[in-house]
Amino acid sequence: MLQTFPATGLQHVARRLNDEFGSLSPRFVERCVCDAWNCAEHLGFQATPVLVERVARERLQAMVMSQPPSGRPVPPRLPDHDTFG
């Protein structure tokens, strides 16, 4: 895959976010950082390590906050769960 971003800059960002989000796998954090960079470029922004870190941090915080408190996956809802009567 052709990378159009500075690998060392993203490695530093991923390392800082790995330290901050130790409950997530390092691979997931790295993927989030790369996705944030690609998203910024796709939207026409100048993708800098500072911007990428801010975007990736927001997404990682959302992922951590959306996990159930028990850490167990929530079972899927039954198809007729929302029907009345």
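What is the local net charge at Arg15, summed over the other residues whose Cβ is closer than 12 Å to its Cβ (Lys, Arg +1; Asp, Glu -1)?
-3
What list of ³J(HN,Hα) couplings, whole Hz, do you get for the range 22-38 from phi and the Karplus terms 6.51, -1.76, 1.60, once you set θ to phi - 60° and write x for glycine and proline?
Using θ = phi - 60°, the values come out as x, 6, 9, 5, x, 5, 5, 5, 4, 5, 5, 5, 5, 5, 5, 4, 5 Hz.
Over the range 18-61, with every protein chain in place, what whole percent of the accessible area is carbon and sulfur at 1.4 Å, could you tell me?
The computed percentage sits at 53.
The values are calculated or read from the model by the stated rules, or taken from the named source; none is laboratory data. Remember, predicted model here, so these are calculated numbers, not experimental data. FYI the Cβ positions are ideal-geometry reconstructions off the backbone, even for glycines, and counts take in every protein chain you see. Each accessible area value is taken on the protein alone, full model and side chains, heavy atoms only, with ligands, DNA and RNA left out. Shrake-Rupley method; radii C 1.70, N 1.55, O 1.52, S 1.80 Å.
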